[in-house]
Amino acid sequence: MTAPAPRPTADRVLTVDDLRVSFGTRTGVARVVNGISYHVDRGETLAIVGESGSGKSVSALSLLQLLPTPPARVEGIATFDGRDLLSLSEGGIRAIRGNRVAMIFQDPMTSLNPVRTIGRQLMEPIELHLGLRGDAARGRAIDLLQTVGIPSPERRIDDYPHQFSGGMRQRVMIAIGISCEPDLLIADEATTALDVTTQAQIVEEMESLQSRLGMALVWITHDLGVVAGIADRVMVLYGGRIMEEAAVSELYAQRRHPYTRGLLESLPTPGVDRPHRLTAIPGLPPNPSRMPPGCPFEPRCPHAVERCATERPQYRSPVPGHRVACHFEPEELYG
Amino acid sequence: MTGFVLRRIGQMAIALFGVSIVVFALIHFVPGDPVRIALGTRFDPEIYATLRERAGLNEPILIQYWNWLFAAIRGDLGVSFRSGQPVTAIVLQRLPATITLAGAALAIALLVSLPLGILSALRSGSRLDYVATTASQIGVSVPDFWAGIMYILLFSLTLSWLPPSGYSPFSQDPLGWLSHLLLPAMTVGLISGSILFRFVRSAVLEALNQDYVRTARAKGLSQLAVVRDHVLPNAWIPIVTVVGLQLGFLLGGVVVVELIFAWPGLGRLALLAVEDRDFTVLQGTVLYIAFIFLIINLLVDIIYGWLDPRIRYD
Amino acid sequence: MTDRASQRTLDAGEPPVEHRSRLRTTFETVRRNRLAVIGGVVLTALAVVALFADAIAPYTINEVDVANRLAPPSTTYPFGTDELGRDVFSRVIIASRVSLRVGFIAVGLALVIGVPIGLIAGYFGRTIDSILMRAMDVLFSFPAILLAIAILAALGSGITNAMLAIGIVYTPIFARITRGSVLSVRESVFVTAARSLGATDARIIRTHILPNVLAPIIVQASLSLAFAILAEAALSFLGLGVQPPAPAWGRMLNEAQGFLASAPWMAIFPGVAILLTVMAFNFLGDGLRDALDPQQRSVIESRGITA
């Protein structure tokens, strides 16, 4: 059992500083995360939005040292409770995982061990980090199942994952995630594999859990629709870099980065009278093995000029708390 | 679970039925007259007629099959053309030797393949993995009869450590029993171990790459706990299946090895029966071996169902 | 051991590769596999040897040199001589023909019978599937070598019957693999689409299903070849396969048993020949499998015929 450490008192739960992750592949070095820096505060929800391959999942996995380090190479600093998560020893990071910083994943069917009861899987972190055993552990597990909305938890605790529906399984995953009342919960595409109704339910539950436990929540997704409901701040990732970061209301209202604009415009809008085509962003995401020196979005940006391909844009801050990685001011782009 | 078991037993019964047809058909595919061939130069019209009568060869074929089948179910597999002894007795007399050999070979195979397979998967890409994998690729390709001969050459003829053949019962001479068992068991066991090694390794590797392992790690579990509680319980399932299959093969497939080491088992019995054209003995032996094989497959299926809760609740 | 999440992330980030024929990519992947290449080279050498055996072998199979019987390897007789003074080297070379021939024909037979059975069973399903697969199960109920021995006992020894016996023993596995592939492809979208366009069953099988089941069949074929050769050796070891005077590796081993103490080379070299051949097929088969269909686990079932 890992010794219970004192809760961090600072409001800033996590500070990530110039995180870089690259992989050595047969065809060269793939730079998946290229220098991202951000922070998360207690009680707030940060949404990390990006397409597949934007580096959002990899960056999260690297925080808990869950990437196999050959072939992965992680650089940068991730400060949690005064310590750098990325340089902790094996024992050190294990004390944090599932305990102070928890992570839940996308596909609950494959993310849960099919040959172990969900009760046993739920009790693992409880026994490990909280030192509870036997009935005490079981009792807490049942409480947790109740909290996440699983009916008849005292019966279902001895069931196997395949006996649950997709939504239920994801609730179990959430229960596992919050079992030790972490300071930070990272949800990697937690609702992507679920149908829309269940998605909405889960999001609602997460919100209430968060306010109850006072956790910081990092919500990773490619679905902008979900983001609006749950996030306080949004970070848009592309090509392993942050393109834009802003409070939710700011982002949806202002949309200064061309990529964000493209994303928002490609969402189907309900309630529009005449049928219209969805505007997709033309082109494909960049190949991490061949990252361009300039702005990664340049090949697909309708406003790109020569400078964009060669020079990496700095962050501009039109308003405090809102930054955009672009060479141009929005007025210059959109008139 | 009971429904599952019953269904499997039903399937086995059907397969056994099919097997019985095949085995029965063997004797009737023989060109010529089996009894005449078996008697060969010792042909005597009276004995010939009696044997034919006893073997029921004068009746129409379907009746013959029926009679044969029912007799077989009751345990009566006819008599040997050669010696006149009841086939069942002959088979049962040889059975323990084959089981011993198969068991010992499997033990060696497991001893070699399980630890090496698991370690190689956990340390995939390491030197140990490379050496073990290459060794297994050679092991899988080795002809068992040649391996046996080579072992005899090395351990018996050159080093004189172990006897080259024969069998001595455990009750009379335990040490002698072991020394006679070792070479044949090793011959088959190492080859079987190579096959199993590859399988164990791939099963563990596959389990290691599953998402639930990532979840387990994200909970803060140690590598030991992850392997013990999440990887191995999932890897067992395919491994058990293969072990079961191997055991089945071992029981009937050690034919050639039994011959080389003069091991008095079922395989050797079958071969001698082929030489002697003693078809009832051949039939009986093959039937018994197939039956045991099917039972083992049944047991493997049941264990599989027990290990994997998803199948159970099917 | 790559984390699946990172692997998936990596894969998603790649732009589409320029279109290359599947054959070419397979070839490339196999070429990079060192062992598979070695296997391929050895097999080519073996094929050459087998084809030109008569020309390569320094002596004919019946040439005896009684004065030099049981002679150890030397420059005149690289593998030594046997009890009749025959050159082991030449016999090993000429016997390669038999092994390869029996192996290929037996596997060919198994393919020709097994694949259609699997196709029909998988495609038409239900009763036909049940019946066919039960029949295959029956064949699977026997340890392979025992079945082969039993068949040869009934039909008599000889090279043709050996091919037949081995072929029959390997039919079920081809049937099963084909059926498995068909099942996984049958419900896919493009088949449903073809069907909705009115394509006949035969046409669907030919144009859509067959190309997709080809990969596992090819892999299985190469692995089965390895073990078919082992099987042939085992059968001729038992005296049930090729008959004298044609030399066969297995039978040479059998004859060598009696002279193990005095002339071990009689046993060593034919065995090594078998080992190398089987290994080569195995390496190639493994390489093909890694390139074409990494999900397959066919070694276990293939090996069944000996041990």
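Just so it is clear, none of the values below were taken in a lab; they were calculated from the coordinates. Predicted model, so just to flag it, every value in this text is computed and none were measured. Cβ coordinates were reconstructed from backbone atoms using ideal geometry, including for glycine residues, and neighbour counts include every protein chain displayed.
Numbers for the structure displayed
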quantity: Cα radius of gyration and Dmax for the stretch C:33-303 (Å); calculated: 21.5, 78
quantity: Cβ-defined net charge surrounding B:PRO184, 13 Å radius [Lys, Arg +1; Asp, Glu -1]; calculated: -1
quantity: Debye-sum result for the stretch B:211-314 in log10 I(q)/I(0), which assumes one identical scatterer on each alpha carbon, at q = 0.24 Å⁻¹; calculated: -1.16
quantity: Cα Rg, Dmax, the protein assembly as shown, angstrom units; calculated: 34.0, 116
quantity: Highest-fluctuation residue, B:PHE291, B:PHE70, B:PHE81 considered, GNM on chain B with Cα pairs under 10 Å; calculated: B:PHE70
quantity: Segment B:ARG127-B:LEU299, length gained on full extension (0.36 nm per residue, minus Cα span); calculated: 58.2 nm
quantity: Three principal axis lengths of the stretch A:109-179 [C-alpha, angstrom, descending]; calculated: 30, 21, 19
quantity: Max mean-square fluctuation residue, GNM over chain B, Cα-Cα springs under 10 Å, options B:GLN210, B:GLN172, B:GLN93; calculated: B:GLN172
quantity: Residues whose placed amide H lies under 5 Å from that of A:THR25, excluding near-sequence neighbours; calculated: A:ALA30
quantity: Estimated 222 nm signal from helices in chain A, with DSSP H stretches of n ≥ 4 weighted -39500 (n - 2.57), rounded to 500; calculated: -9500 deg cm²/dmol
quantity: Chain C, helix-only ellipticity at 222 nm - DSSP H runs n ≥ 4, -39,500 (n - 2.57), divided by all residues, nearest 500; calculated: -23500 deg cm²/dmol
quantity: Karplus-derived HN-Hα couplings along the stretch A:203-219 (A = 6.51, B = -1.76, C = 1.60, θ = phi - 60°), whole Hz, x at Gly and Pro; calculated: 4, 4, 4, 4, 4, 5, 4, 5, 5, 5, 8, x, 7, 8, 10, 10, 10
quantity: Per-pair calculated FRET efficiency, R0 = 30 Å: B:ALA107 and C:ARG134 via Cβ, rounded to 0.05; calculated: 0.35
quantity: Rough spin-label spacing in nm, given labels placed 7 Å along Cα→Cβ, for B:ILE61 and B:ARG7; calculated: 3.6
quantity: Which of A:PHE164, C:PHE227, C:PHE104 has the fewest Cβ neighbours within 10 Å, and the rest in rising order; calculated: C:PHE104, A:PHE164, C:PHE227
quantity: In order through the stretch A:114-122: 3J(HN,Hα) via Karplus (6.51 cos²θ - 1.76 cosθ + 1.60), integer Hz, x for Gly, Pro; calculated: x, 9, 10, 5, 5, x, 4, 5, 6
quantity: Under 13 Å from the C:PHE259 label point (7 Å along Cα→beta-carbon), backbone N, the stretch C:92-107; calculated: C:92
quantity: Descending semi-axes in whole angstrom, ellipsoid equivalent of chain A, from the Cα gyration tensor; calculated: 36, 23, 18
quantity: Exposure proxy order (Cβ contacts within 10 Å, fewest to most) of A:ILE178, C:ILE274, B:ILE99; calculated: B:ILE99, A:ILE178, C:ILE274
quantity: Virtual spin-label span in nm between A:ALA253 and A:ALA136, 7 Å along Cα→Cβ; calculated: 5.1
quantity: GNM result for chain A, Cα springs below 10 Å: residue of A:PRO114, A:PRO161, A:PRO296 fluctuating most strongly; calculated: A:PRO114
quantity: Estimated [θ] at 222 nm from DSSP helical runs (n ≥ 4, -39500 (n - 2.57)) normalised by residues in chain B, nearest 500; calculated: -25000 deg cm²/dmol
quantity: Derived scalar couplings ³J(HN,Hα) [the stretch A:233-242; Karplus, 6.51 cos²θ - 1.76 cosθ + 1.60; whole Hz; x for Gly, Pro]; calculated: 10, 10, 10, 9, 9, 8, x, x, 10, 7
quantity: Theoretical gain in end-to-end length, C:VAL41 to C:ARG24 [0.36 nm per residue, Cα-Cα removed]; calculated: 4.3 nm
quantity: Residues whose placed amide H lies under 5 Å from that of A:LEU237, excluding near-sequence neighbours; calculated: A:VAL49, A:GLY50, A:MET243
quantity: Counted charge near B:GLU275, where neighbours are those whose Cβ lies closer than 11 Å (Asp, Glu -1; Lys, Arg +1); calculated: +1
quantity: Distant-in-sequence amide H partners of A:ALA216 (H built 1.01 Å from N, under 5 Å); calculated: A:GLY43, A:LEU184, A:LEU185
